[in-house]
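**Q** Take this structure first; my questions come after.
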Amino acid sequence: MNTENLRKTIEKFQIRGNVESVEKFGSGHIHDTYLVKNSLPGGEDYILQRINTSIFKEVDMLMNNMVVVTDFLKAKLSQMPDSNPDKEVLTIIPAVDGKSYIVEADGSCWRVFLFLRDTRSYDLVETETQAYQGGVGYGRFYALLSDLDASQLGEVLPGFHCIGNRHNQLQDAISKNSADRVKDVEVELNAILSRVPAMSKIREMGLSGALPLRTTHNDTKFNNVLLDANDLAQCVIDLDTIMPGYVAYDFGDAIRTIVNSAEEDEKELDKIQVNMKFFEAFARGFIKAASSNLTREEADSLADGCLLLPYIMGMRFLTDYINGDVYYKINFPEHNLQRARAQIRLVEKLEEQYDSMKRIIMDAYSENLSAI
Ligand code: ADP
Ligand code: GN1
Ligand code: MG
């Protein structure tokens, strides 16, 4: 969309001031995100997003979830000393008609957030402090949502991290073979399909009642927690996928991006190493912030989540490659295959660390319990 149209779109929201510029922003794979700068001195800047409606078909449900969660968090934080709801929770800027999003004449859906200034989102962790703060941010977010009445939330993308669902989607893609790519991915398919039974552990524990369903974020990449200028956790963003889930999903998805020394789509697989110092820092931050809402069985499942989530992402990237790249944004033709290969290598590297991860988690869990 050209700048003139973007300006017209932003003016349909209750923004204060005047638009100085609108520029593409961030590195998300799903929506089109723009930073809207304000020409009014001291005025707020905004994030304008075109919602990806081929993925999120029920935009009313999506935005209702977001309103429920942000209202709940703001009300809760406003009762807590030393909290600042405006900085620590996303603020949805309503449209001129009061709604949480607008639909343009071409059918595109748009929403606006207050831009959280002086924050940074990182694709790669650089220091143990950042890893620890990522843990504090996501652990606290999880704990704060523990008493939200989940019946107010719709399941926007059912079966999001469910291995059964993702496995079915992969099998579907293989049988349709619409882009004629199955013949090129035998090695990757074997790596994924041979692990289905081992990776079903969390699902089975959930079905047996050993793991409770919680309200989870479900997209806890490191770039979805904004850190402040001092690298302290400030705000968890990207609230589209808040749904019922297991805590190991959030823990594992964060670990996937936090301990990896290389990018999510690294081409040179030997660069993919697991940084156990970052693992320990994240685990300590998360468990400290979340521990009163973690049962022993849940703590015990976290290391399994660390294998499952990169595995699920590998499976999803591979499925999308086989389908001809219909879901994720790609920057070059084999991007999804490269992403899948990188996630599979990460799974292999994390499998080598399984026992150490479990020990670090259970030590931190016991220490926190004895401190309560
Ligand atoms: P996607 O689902 O495409 O990842 P996000 O909602 O995560 O979209 O936004 C993409 C990026 O935009 C984030 O990683 C972050 O860098 C930036 N961003 C999003 N919302 C805000 C905000 N309110 N304040 C500052 N930066 C933001
Ligand atoms: C997508 O929106 P973004 O870029 O933070 C995806 C996540 C994947 C991630 C992989 C709605 O997240 O599930 O983990 O890409 N979000 C959706 O980088 O599918
Ligand atoms: Mg994001």
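The values are calculated or read from the model by the stated rules, or taken from the named source; none is laboratory data. Remember, it's a predicted structure, so these values are computed and weren't measured experimentally. All Cβ positions, even for glycine, are placed from backbone atoms using ideal geometry, and neighbour counts span all protein chains on display. Each accessible area value is taken on the protein alone, full model and side chains, heavy atoms only, with ligands, DNA and RNA left out. Shrake-Rupley method; radii C 1.70, N 1.55, O 1.52, S 1.80 Å.
**Q** Here is a check on your reading of the model: is residue 72 aromatic (Phe, Trp, Tyr), under 30 Å from residue 160 (Cα atoms), under 23 Å from the mean Cα position of the chain (by Cα) and within 16 Å of ligand 3 (Cβ to nearest atom)?
**A** So residue 72 does not fit the description; no.
**Q** Right, next: State whether the residues of the stretch 67-81 include one that is within 16 Å of ligand 2 (Cβ to nearest atom) and in a helix (DSSP H, G or I).
**A** Yes, the stretch 67-81 contains at least one residue that is within 16 Å of ligand 2 (Cβ to nearest atom) and in a helix (DSSP H, G or I).
**Q** Restricting attention to strands (runs of 3 or more DSSP E) lying wholly within the stretch 1-50, give those where 2 or more residues are more than 16 Å from ligand 3 (Cβ to nearest atom) and out of contact with any helix residue (DSSP H, G or I) (no Cβ under 6 Å at 6 or more places or on another chain).
**A** Filter on the stretch 1-50 gives 19-24, 32-38.
**Q** So which of 279, 286 is under 22 Å from residue 119 (Cα atoms) and assigned to a helix (DSSP H, G or I)?
**A** Only one candidate passes the filter, namely 286.
**Q** Still on this structure, I have one more. Quick test of your reading of the structure: residue 14 fulfils all but one of (1) over 23 Å from the mean Cα position of the chain (by Cα); (2) touching a residue at least 12 places away in the same chain (Cβ under 8 Å); (3) within 30 Å of residue 265 (Cβ to Cβ). Name the failing condition by number.
**A** All conditions are met except number (3).
**Q** Mind counting the residues in the stretch 239-249 that are open to solvent by less than 10 Å² (accessible area, probe 1.4 Å), within 12 Å of ligand 2 (Cβ to nearest atom) and closer than 13 Å to residue 308 by Cβ?
**A** Counting residues in the stretch 239-249 that are open to solvent by less than 10 Å² (accessible area, probe 1.4 Å), within 12 Å of ligand 2 (Cβ to nearest atom) and closer than 13 Å to residue 308 by Cβ gives 1.
**Q** Quick one: which of 311, 328 is within 16 Å of ligand 3 (Cβ to nearest atom), of a type in the set (Ser, Thr, Tyr) and either in a helix (DSSP H, G or I) or at pLDDT 95 or above (or both)?
**A** After ruling out the rest, the residue left standing is 328.
**Q** Of the conditions (1) open to solvent by 50 Å² or more (accessible area, probe 1.4 Å); (2) of a type in the set (Gly, Ala, Ser); (3) more than 16 Å from ligand 2 (Cβ to nearest atom), residue 54 satisfies every one except a single condition; which number is it?
**A** In the conditions (1) open to solvent by 50 Å² or more (accessible area, probe 1.4 Å); (2) of a type in the set (Gly, Ala, Ser); (3) more than 16 Å from ligand 2 (Cβ to nearest atom), residue 54 misses (3) alone.
**Q** Taking residue 294 and the conditions (1) open to solvent by 30 Å² or more (accessible area, probe 1.4 Å); (2) over 30 Å from residue 170 (Cα atoms); (3) modelled with pLDDT of 95 or more; (4) not small (Gly, Ala, Ser), which numbered condition does it fall short on, given that it satisfies the others?
**A** Looking at each condition in turn, residue 294 falls short on (1).
**Q** Given 153, 144, which one is within 16 Å of ligand 2 (Cβ to nearest atom) and out of contact with any Phe, Trp or Tyr (no Cβ under 8 Å at 6 or more places or on another chain)?
**A** From the options 153, 144, the qualifying one is 153.
**Q** What single numbered condition from (1) among the polar types (S, T, N, Q); (2) open to solvent by 10 Å² or more (accessible area, probe 1.4 Å); (3) more than 19 Å from residue 155 (Cβ to Cβ) fails to hold for residue 100?
**A** Single failed check for residue 100: (3).
**Q** Of all residues in the stretch 250-273, which are open to solvent by 20 Å² or more (accessible area, probe 1.4 Å) and in a helix (DSSP H, G or I)?
**A** 269, 270, 271
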